[in-house]
Amino acid sequence: MLMRTDPFREFDRMAQQVFGSQTPGTWSRPTSMPLDAYRQGDRYVVSFDLPGVTADAIELDVERNVLTVKAERRPLELGEGVEVQVSERPLGVFSRQLFLGDTLDADRIEASYDAGVLTLRIPIAERAKPRKIAIASADSGQKQIDA
């Protein structure tokens, strides 16, 4: 099972949406990032929206079944003579933590980053998958019943 660990971070995210706060996140107080999560066969897939973030500005850590994703959106280096007209994307640090239940295999997480979307594939641990158990008979011969 995949669970979120910080309910206050969700409250902060909702308050920012309602009140329109555009305060950039810092490494000590990051802003939350949106995500989608779903189960696909024997794994969970989690997608984080990180448009404008380069792959080298993303950190992934797993410690004691807590997955932490941090990313930093830096200002564009536009060069000399370029004047920005509109800049609506929030800059700064974004972070999200997910609690990975015991049924997930944190050692085999796969990550890919394409078109501003960080996708994690988290497999279900072998010990948590349903399996059939063979039943051995104590006597392999046929029983005869006297009538």
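Might you check whether a residue that is more than 26 Å from Thr103 (Cβ to Cβ) and open to solvent by 60 Å² or more (accessible area, probe 1.4 Å) occurs anywhere in region 59-74? Yes; the residues of region 59-74 include at least one that is more than 26 Å from Thr103 (Cβ to Cβ) and open to solvent by 60 Å² or more (accessible area, probe 1.4 Å). Determine whether Ser32 is in contact (Cβ under 8 Å) with a residue 24 or more places away in the chain, open to solvent by less than 40 Å² (accessible area, probe 1.4 Å) and over 14 Å from Val93 (Cα atoms). So Ser32 fails the test. Applying the selection to region 89-107, what residues are open to solvent by 50 Å² or more (accessible area, probe 1.4 Å) and hydrophobic (A, V, I, L, M, F, W, C)? Matches in region 89-107: Leu91, Phe99. Of all residues in region 57-114, those being farther than 22 Å from Asp36 by Cα and not basic (Lys, Arg) number 14. Residues of region 108-147 being open to solvent by 80 Å² or more (accessible area, probe 1.4 Å), of a type in the set (A, V, I, L, M, F, W, C) and modelled with pLDDT of 90 or more, which ones? Within region 108-147, Ala115 is the sole residue that qualifies.
To keep it simple, each residue is scored yes or no on (1) closer than 13 Å to Tyr113 by Cα; (2) at pLDDT 90 or above; (3) open to solvent by 70 Å² or more (accessible area, probe 1.4 Å); (4) out of contact with any Leu (no Cβ under 6 Å at 6 or more places or on another chain).
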site	(1), (2), (3), (4)
Tyr38	no, yes, yes, yes
Ala55	yes, yes, no, yes
Leu76	no, no, yes, yes
Val86	no, no, yes, yes
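Does Met14 meet the test of being under 12 Å from the mean Cα position of the chain (by Cα), farther than 17 Å from Ala111 by Cα, modelled with pLDDT under 90 and not in a loop (DSSP other than H, G, I, E, B)? In short, no.
The rows are residues; the columns are (1) in contact with a His (Cβ under 9 Å, 6 or more places away or on another chain); (2) at positive phi; (3) touching a residue at least 60 places away in the same chain (Cβ under 8 Å).
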| position | (1), (2), (3) |
| --- | --- |
| Thr54 | no, no, no |
| Ala57 | no, no, no |
| Asn65 | no, yes, no |
| Val84 | no, no, no |
| Leu91 | no, no, yes |
| Phe99 | no, no, yes |
| Asp105 | no, no, no |
| Arg108 | no, no, no |
| Tyr113 | no, no, yes |
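The values are calculated or read from the model by the stated rules, or taken from the named source; none is laboratory data. It should be emphasised that the depicted structure is a prediction, and the values quoted were computed from it without experimental measurement. FYI the Cβ positions are ideal-geometry reconstructions off the backbone, even for glycines, and counts take in every protein chain you see. All accessible areas refer to the heavy atoms of the entire protein, side chains included, with ligands and DNA or RNA removed. Shrake-Rupley method; radii C 1.70, N 1.55, O 1.52, S 1.80 Å.
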